[in-house]
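Before any comments, here is the structure.
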Amino acid sequence: MDGQLLPVLLLFLLGASGLQGQGQGPERPSEDLLEDTPGEEVPKEDGVLVLNHRTLGLALQEYPALLVEFFAPWCGHCKALAPEYSKAAALLAAESVTATLAKVDGPAERELTEEFGVTGYPTLKFFRDGNRTHPEEYTGPREAKGIVEWLKRRVGSSATRLEDEEGAQALMDAGDVVVIGFFQDEDVATFLALARDALDMTFGFTDQPKLFQKFGLTKDTVVLFKKFDEGRADFPVDEELGLDLGDLSRFLITHSMLLVTEFSHQVSSAAWGCRAGWMGPGSHRKPFHRPPGGSSAPGSSTICCCLSTRRWLHIGSSWRASGRRLPHSGGRYWGSRRKG
Ligand SMILES: *[C@@H]1O[C@H](CO)[C@@H](O)[C@H](O)[C@H]1NC(C)=O
C-alpha cells in the first residue's frame with residue numbers, strides 16, 4: 001500500500017539528499033513524490049502541519065509561505081498560543097490566504113532547533129519560497145487575527161496602491177487609523193516595510209497628482225488620517241535625506257494614540273516607543289515626576305501622555321492636567337484622570 005511505502009521512501013530519499021547537504025533544487029525527487037501521492041501529506045492537527053526533521057524540507061518545497069512554531073509540550077505560553085494558532089489556520093483557509101501554519105516539537109527535534117537556533121519556546125519563524133537558511137523571525141501578535149494580519153502583509157502587499165479619490169476614500173473608511181504615503185520621488189520600499197509590521201494601522205500609497213491636490217499636498221508626505229482628535233497629521237518626507245524609518249515610525253506611534261492615553265499594558269510598548277512616561281500610584285520612574293496634588297493617591301488612574309505639544313491640556317473635564325513640563329521628555333506633559 002502506498003501509505004506504508006511513503007515513509008520508507010521518504011526516509012530513503014531524504015537520507016540520500018542529506019548526504020549532499022540541504023538540497024533545495026526544484027529537481028529534488030521528493031517533490032514529485034508529494035505530487036504523486038495526493039492525500040499522503042504531512043499530518044495536520046487542527047489545521048496546523050506537524051513537522052519533523054524529515055518532513056520540514058518537504059513542507060518548505062510545497063508551501064511558499066510557511067510559518068513554523070517551535071513549541072515544547074510543557075511550555076505554558078505554547079499552550080496558550082495553540083488555540084489561537086489553530087484559529088489562525090482556519091481564518092487563513094477561509095480567506096484563501098496562501099500562507100500555511102506548521103509546528104515542530106522542539107525538544108523532540110533537536111536537529112531542527114539547533115539548525116534554526118531556537119533557544120526558547122515558543123519560537124516562530126517564517127519561511128519564504130522554501131528558503132531554509134534565512135527565515136524571518138515572527139514578531140507579531142500571538143492571537144489569531146494578528147497572526148493572520150501579519151502573514152497577509154507578507155504574502156500580499158502591505159499597502160494598497162491608490163489611483164483615485166474613490167479608492168482613497170474607501171481606504172480611509174476602512175480603519176480608525178489610516179496612513180497614506182504620497183510619493184512622487186520617494187521609493188516606497190521603506191514605507192512598505194514599515195507597513196508590514198504596523199498591524200493596527202491600514203496603509204495605502206499613491207503617486208497620483210490629483211490625490212496630492214485633493215489633500216492639499218505639494219511634496220512627498222506621509223499623512224496619518226484618524227477618526228478621532230484632530231483627524232489628520234502630516235509627516236513631510238525630508239527632501240535631502242528621504243524617508244527615515246525610525247522617524248516615521250515614532251511619528252505614527254505618537255499620532256495614532258489618543259491625545260491622552262491612559263497607561264495600560266497594551267500601550268506600554270507604544271509608550272516606550274515614543275519615550276513617554278507614566279506614573280503608577282505611589283510609584284516613581286525616572287525621569288518622570290510624581291503627579292502633584294494627590295493624583296498619585298492610591299486608586300488614582302495614571303496616564304501616559306505622548307505628545308510634543310500641550311494640546312491635550314484642552315481636551316475636556318474628564319482629564320486633569322498638571323500643566324507642568326516633564327523634565328527630559330521633549331516637552332511632553334502628563335496628567336491624571338479625574339475620578340467620577
Ligand atoms: C535565502 O535568502 C537569502 C537572503 O535573502 C539569500 O541571500 C539566499 O540566497 C536565499 N537562499 C536561497 C536558497 O534562495
>> So Val97 ticks every box in (1) within 16 Å of the ligand (Cβ to nearest atom); (2) assigned to a loop (DSSP other than H, G, I, E, B); (3) within 16 Å of Leu49 (Cβ to Cβ); (4) without any contact (Cβ under 8 Å) to a residue 60 or more places away in the chain but one. Which box is left unticked?
In response: (1)
> Failed condition for Leu171, given (1) surrounded by 20 or more Cβ atoms within 10 Å (Cβ to Cβ); (2) outside any helix (DSSP H, G or I), with all others met?
Replying inline: (2)
>> Anything in segment 139-148 that is more than 17 Å from Pro83 (Cβ to Cβ) and modelled with pLDDT of 95 or more? List them, or say none.
In response: none
>> Being touching a Lys or Arg at 6+ places or on another chain (Cβ under 7 Å) and either closer than 16 Å to Arg196 by Cβ or at pLDDT 95 or above (or both) is the filter here; which residues of segment 149-176 pass it?
In response: Arg153, Arg154, Ser158, Glu165
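Give me a count of the residues in segment 129-155 that are in a loop (DSSP other than H, G, I, E, B) and either loosely packed, with under 13 Cβ neighbours inside 10 Å or within 16 Å of the ligand (Cβ to nearest atom) (or both). Before you say what the answer is, go through the steps one by one.
First, the residues of segment 129-155 that are in a loop (DSSP other than H, G, I, E, B): 129-135, 138-143.
Retained after the next criterion (residues that are either loosely packed, with under 13 Cβ neighbours inside 10 Å or within 16 Å of the ligand (Cβ to nearest atom) (or both)): 129-135, 139.
Residues in segment 129-155 being in a loop (DSSP other than H, G, I, E, B) and either loosely packed, with under 13 Cβ neighbours inside 10 Å or within 16 Å of the ligand (Cβ to nearest atom) (or both): 8 in total.
Just name the residue that is surrounded by the most Cβ atoms within 10 Å (Cβ to Cβ) out of those in segment 111-127 that are under 19 Å from Pro141 (Cα atoms) and within 16 Å of the ligand (Cβ to nearest atom).
Here the answer is Phe127.
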> Quick check, is Ala170 more than 16 Å from the ligand (Cβ to nearest atom), assigned by TED's automatic domain parsing to the domain that holds Ala89 and not polar (S, T, N, Q)?
Replying inline: no
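Right, Phe182: assigned by TED's automatic domain parsing to the domain that holds Phe251 and hydrophobic (A, V, I, L, M, F, W, C) or not?
Yes; evaluated as a whole, the condition is true for this residue.
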>> Suppose we keep only residues that are charged (D, E, K, R) and in a loop (DSSP other than H, G, I, E, B) within segment 177-203. Which one would you say is farthest from Pro236 (Cα to Cα)?
In response: Asp200
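Condition check ((1) under 21 Å from Trp150 (Cα atoms); (2) in contact with a strand residue (DSSP E or B) (Cβ under 6 Å, 6 or more places away or on another chain)) across all residues:
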{"site": "Leu51", "(1), (2)": "no, yes"}
{"site": "Thr55", "(1), (2)": "no, no"}
{"site": "Ala59", "(1), (2)": "yes, yes"}
{"site": "Glu69", "(1), (2)": "yes, yes"}
{"site": "Leu91", "(1), (2)": "yes, no"}
{"site": "Val97", "(1), (2)": "yes, no"}
> Are any of the residues in segment 117-125 of a type in the set (Ser, Thr, Tyr) and farther than 14 Å from Ala72 by Cα?
Replying inline: no
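The values are calculated or read from the model by the stated rules, or taken from the named source; none is laboratory data. Keep in mind that this is a model prediction, so the values were computed, not measured. Backbone-built Cβ (ideal geometry, glycine too); neighbour counts: all protein chains shown.
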